[in-house]
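The values are calculated or read from the model by the stated rules, or taken from the named source; none is laboratory data. Please read all numbers here as calculations on a predicted model, not as lab measurements. Cβ coordinates were reconstructed from backbone atoms using ideal geometry, including for glycine residues, and neighbour counts include every protein chain displayed. When the accessible area is computed, the model is the full protein with side chains, heavy atoms only, and any ligands, DNA or RNA have been set aside. Shrake-Rupley method; radii C 1.70, N 1.55, O 1.52, S 1.80 Å.
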Amino acid sequence: MNNSCVSCNTPLKGKFCYSCGEKVVENNDFSIQNLLHQFINGITNFDSKFLKSFYYLLFKPGQLTLNYVNGRRVSFMKPFQVFIVVNILFFFFLADADVFRIPAKWYFNKEVNIEKKITDSKNVELIKQQYDNESLTNSKLFIFILIPFFGIIFWMANLKKKLYFGKHIIFAIHYLSFFMLFSVCLVITPKEIWTPRAIQAVLLISNFIYLFFAIRKFYNNTNKVAFIKALLCVFICFTLIFFYRDLISYYTYKMVIKEYI
C-alpha cells in the first residue's frame, strides 16, 4: 500500500488525503456492488442537491449565497453549476424570448430596415435566419459577462460591509440565476393571461421583491435599507440586461450583414 497520496504526495492517514481529498484506491472499489452503489449514490446525490439548490434559489432569497460563503456547501450545487443548469433551461424553454437578444422578427422591423441594403428577398430571409441562430448562440455564449457587472453593482451598494468582492460575485450569480429561472417558470403558466407589458411588470416586481429579501438576508440590512438598495439595484440590473440585449443584437447583425454587402 502506498503511504503517500498519488496526487500530491502528502503522507496518508486513513483512506482520504487530508490535503487534497484524494481517496486511496482499493480492489473493492472495482466490485460490481461498489460500482452500482456509486452509480445510484451519484444520481440520488445530484437530484438531492439539484432540488434543494433550486428550492432555496426560488423561495429563500439570499440563503443559498449565505450558506455558500459560510461553508455550508455539501448539500447544495456550486454557484456556477446552478448558473450553467439554469442557463441551459432558460435557452431551451425561452429560445425565442427577447430578454437577452432581440429576435429577427422584431429587430428587423423596428431597429433595422434591411430591405434598404439588401434587394434580393432570398438573401433577406437568409440573413434573418442566420441572425436568429447566431444571436441565440452569442446571447448564451457571453451571458457570463453580466456577472462581474452585477457584482460591481452589489459591491457599490454595500461598500460599508467591506466584504471580499468574490462574495458579491456569488450573490450576483445566484441573482442572475433566479432571474432566468423565474422567467422559465412563467412559461408553464397559461399564456392567455400574459401580455408583453404584464410579463415585464411581473418580472420587475418579482425581481425587486427577491432582491429585497436577498439583500436583507445576505447583507444583514434593515428593511428600509434593503428596500432602497433593492430598488436601485433592480433598476440598474435591468438597465444592464437591456443594454446587453441591444449590444448582442447589434454585434450579431454587424457580423452577419457584412457577408452580404
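Between A201 and T239, the modelled labels are 2.4 nm apart [label points 7 Å from Cα along Cα→Cβ]. Pairs to check: K60/K161; K15/K60; K140/K162. Give those whose C-alpha atoms are more than 30 Å from each other in this structure. Beyond 30 Å between Cα atoms: K15/K60; K140/K162.
For the pair D96 and V24, a Förster radius of 45 Å applied to the C-beta separation gives a FRET efficiency near 0.30, rounded to the nearest 0.05. Surface composition of region 177-258: carbon plus sulfur atoms contribute 74% of the solvent-accessible area (1.4 Å probe, protein chains only, all chains present).
Between K162 and F227, the C-beta separation translates, for a Förster distance of 22 Å, into a calculated FRET efficiency of about 0.50.
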